[in-house]
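The values are calculated or read from the model by the stated rules, or taken from the named source; none is laboratory data. Keep in mind it's a predicted model, so treat the numbers as computed, not measured. Note: ideal-geometry Cβ built from the backbone for every residue, glycine included; neighbour counts use all protein chains shown. Quick note on the areas: whole protein, heavy atoms, side chains included, nothing else; ligands and nucleic acids left out. Shrake-Rupley method; radii C 1.70, N 1.55, O 1.52, S 1.80 Å.
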Amino acid sequence: MTDTTETLDLTPATRRMERILAGIDDAQLSGPTPCSETSVGALVDHVLGLSLAFTAAARKDIGPYTDTPPQLTSELPPDWRRLVPDRLGDLRGAWSDPAAWEGMTRAGGLDLPAPVAGLVTLDELVVHGWDLAVATGQQYSCEPDEIAACTAFAESITDEERVADGGGLFGPAVRVGDDAPPLERLIGLTGRDPSWRPSASN
């Protein structure tokens, strides 16, 4: 897994995720996503959970949120729309503190350098943002520096780590054309087909 000392701005990614989640209709919550056997609602719940986990990681608040990975469940809280801005706002604020990027922290039960945890946070937001956007028919684009940082991270994941991920963020890389746009190359590296759409999933 890659290491980095770079401080990243997570504001664009968290704001983008807020817009995507606000654009999801209730009727779409049971629909499929590019994440295998994961519904839109389950992935929204996952985003809410990872927001808590990585906010705690940024604050070095070691405890229940940092000791276990956010789970994929189908139990989306009924007030999830109210929770979205609060949790993503907390996540954004936590990682805007320079101290968040210093020293060590914990995420998913693993101790790791704080800059790596910040990069993982960005990767989760960018890739799951794409998942939810294409699953619900929304447009999606990212800043070039976000794509570059996430691509470097994805390229550092070994085949063994992809298997151990067990269907989480990463799966076996999907080959895309050499002339594919950078975002499509990133999506392929995470094990997703960039051409995936809900109508083609059945």
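Summary of computed values
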{"read-out": "Choice from Pro172, Pro32, Pro144 showing the highest fluctuation, given a GNM over the chain with Cα pairs closer than 10 Å", "value": "Pro144"}
{"read-out": "Choice from Ala57, Ala152, Ala100 showing the highest fluctuation, given a GNM over the chain with Cα pairs closer than 10 Å", "value": "Ala152"}
{"read-out": "Summed side-chain charge close to Val44 - residues other than Val44 whose Cβ falls under 14 Å, Lys, Arg +1, Asp, Glu -1", "value": "-4"}
{"read-out": "Surface share of carbon and sulfur [accessible, 1.4 angstrom probe, percent] for the chain", "value": "51"}
{"read-out": "Listed residues Ala117, Ala149, Ala107, most fluctuating in the chain (Gaussian network, C-alpha, under 10 Å)", "value": "Ala149"}
{"read-out": "Accessible solvent surface per residue of the chain, calculated while the other protein chains remain in place, 1.4 angstrom probe, Å²", "value": "49"}
{"read-out": "Mean residue ellipticity (222 nm) of the chain, computed from DSSP H runs ≥ 4 via -39,500 (n - 2.57), nearest 500", "value": "-15500 deg cm²/dmol"}
{"read-out": "11 Å beta-carbon shell around Gln139, net charge (K/R +1, D/E -1)", "value": "+2"}
{"read-out": "Largest-first ordering by accessible area, 1.4 Å probe, given options Ser195, Ser51, Ser30", "value": "Ser30, Ser195, Ser51"}
